[in-house]
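What follows is a single structure, written as structure tokens, with notes after it.
The values are calculated or read from the model by the stated rules, or taken from the named source; none is laboratory data. Because the structure is predicted, anything quoted here is derived from the model rather than measured. Glycine gets a Cβ as well: all are built from the backbone with ideal geometry, and neighbour counts include every protein chain shown. These accessible areas exclude ligands, DNA and RNA; they are computed on the full protein's heavy atoms, side chains included. Shrake-Rupley method; radii C 1.70, N 1.55, O 1.52, S 1.80 Å.
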Amino acid sequence: MNKVSFEQIVSLCKIRGFIFQGSEIYGGLANTWDYGPLGSRLKNNLKDAWRKKFIQERSNSYELDSAILMHPRVWEASGHVESFSDPLIDCKKCKIRSRADNLIENAGLSGNSLGNDEMFELIKSNGIKCPSCGECDFTEIREFNLMFETYRGTTNDKKSIVYLRPENAQGEYINFANVQRSMRCKLPFGIGQIGKAFRNEITPGNFTFRTIEFEQMEYQTFCKKGFDTELYDYFKKYGMNFFEEIGIPKTLLRFHDHEKLAHYAKAACDIEFLFPFGWGEINGTHNRTDYDLSRHQQYSKKSMEYLDSETNEKFIPYIIESTYGVDRIFLALICSAYAEEEVNGDTRKILKLNHKIAPYKAAILPLSKNLSSKAYEIYKDLSRMCMCDYDEAGSIGKRYRRQDEIGTPLCVTYDFDSETDGKMTIRQRDSMIQERIDISELKNYMSNYLKR
RNA sequence: GCGGGUGUAAUUUAGUGGUAGAAUUCCAGCCUUCCAAGCUGACAGUGUGGGUUCGAUUCCCAUCACCCGCUCCA
């Protein structure tokens, strides 16, 4: 994918119904994207693959679907209200952005509990200088809250503010005791969740890499202190393994350990993918210690302790979080699958998607329109088993090309011989193996292929 | 949020201060017996809003969006 530009990917996504710009007919809304018919399919397949690996195939593993809107105190406890909202100020001369409270503190003054206007006045009256260029010529202070706010009820007074969750994790944490009790869990156990989160970031987009509304697949493992380091290493590898299983080549992946850590974390490591614009995070594993549950215990006054019935010890569990950005992995899948091949001077686009996540598993093609009715009947039947496409428009070659371009692994062609011998030609895109299979055997053949 | 670039049909693009041209795609028809064949036809466009002008897709301003580089980033 060396020479592949982002524009080619964006263009293919639009033409083939994977991703459209958000609110396009109104000129677009920055950093929002809509997933089209094939994009939705691919995205759901990705989520299904994750669900299978993290929920279904793991024991002591439970899925959760928590509310996007949560009690505002959740975000006070989590630290988001405090650390997600900064009073920022820009130097008009050198365009460097600083935190207003830091400027005041560094000047030896106290900016505690001052409002933004007061801080601005303080900076002006004391002639506090820009740390970069030494001038004192600032824009007004702007509050930069990364959490989307909305209001419940009909009045916009402060008491009714609720936030759109900036991460899903808190949903898992505040339901820790509910899940533990109802599922009779013993440590260690995991809670996974797939859902949307929102961040009011002003950033360059890089297509769907950074958006203001995005979907996460998160997995939180609750464990006893002392077991956390081992689990942390385990989930780093588990994540890498997941990416390989859905078809992302290992050569395009790397670990990236964090040195600067978030307010809750003891250790953090990303898995990065080599996008056309450079390395970008698609997974993060964090050792969040007992920070989150302790804070919720403190703020809610509800016990978050776990009783170990073997040792009779009571303690607040540690949490290892492994979080996956759905939209970013989607993008990584498309980027790593996209290829162009030269055939007889023509450039052909191919999406080499793993069959597990391909939007369509098979396309049913009548060799001629005269064979439509029987082919369509077979298509309807196969559709009961998996997602299939049916195409009778244009030449047979063109229809194969169309399927290659959207990553369909199997093409099944009904021809004139099929009428008499009851067989169809089935072609595998990845190996280009072509076989004639009895129509009654098609489902078996396909299901065996798709199980690989 | 800063700096630079770009906006013409679904896509890729040509061109012009005076009726916007093509290729591909898509659709319909003819043809076509396994990997983007051919023919005919149809659909479809100057991101949005102002200004200058007799007249703006073209010049100017603003805005929106995307791309590149910063900045930021749990």
Taking the Cα atoms of segment A:175-249, report the difference between the largest and smallest coordinate on each principal axis, in whole Å and largest first.
43, 31, 22
Give the ranking of A:432, A:446 by solvent-accessible surface, highest area first, calculated with a 1.4 Å probe.
A:432, A:446
What accessible area, in Å² to the nearest ten, does a 1.4 Å probe give for residue A:414?
10
Cut-off 19 Å (backbone N to label point 7 Å along Cα→Cβ of residue A:57), residues of segment A:416-452:
A:447-452
Can you pull the one-decimal nm distance between simple spin-label points at residue A:441 and residue A:149, each 7 Å off the Cα toward Cβ?
6.8
Can you give the Kirkwood hydrodynamic radius for chain A, in Å, rounded to one decimal and based on Cα pairs?
25.4
Report the FRET efficiency, 1/(1 + (r/R0)^6), for residue A:105 and residue A:76, where r is their Cβ-Cβ distance and R0 is 35 Å, rounded to 0.05.
0.95
I need the calculated FRET efficiency for the pair residue A:266 and residue A:339, taking r as the beta carbon distance and R₀ as 45 Å, to the nearest 0.05.
0.65
Quick one: ranking A:33, A:75, A:279 by accessible area, 1.4 Å probe, largest first, what do you get?
A:279, A:33, A:75
Extended-chain gain in nm, criterion 0.36 nm per residue less alpha-carbon gap, residue A:254 and residue A:32:
77.2 nm
What is the angle, in °, between the Cα long axis of helix A:228-245 and the longest principal axis of the Cα atoms in chain A? Nearest 10 is fine, range 0 to 90.
30
Sticking with the crude label model, points 7 Å out along Cα→Cβ, report the distance from residue A:352 to residue A:241 in nm, one decimal please.
2.5
Relative contact order of chain A, pairs being alpha-carbon contacts under 8 Å that are 6 or more residues apart, as %:
13
Between residue A:8 and residue A:314, what is the label-to-label distance in nm when each label sits 7 Å out along the Cα-to-Cβ direction?
6.3
Contour minus Cα-Cα distance for residue A:450 and residue A:234 (0.36 nm per residue):
74.9 nm
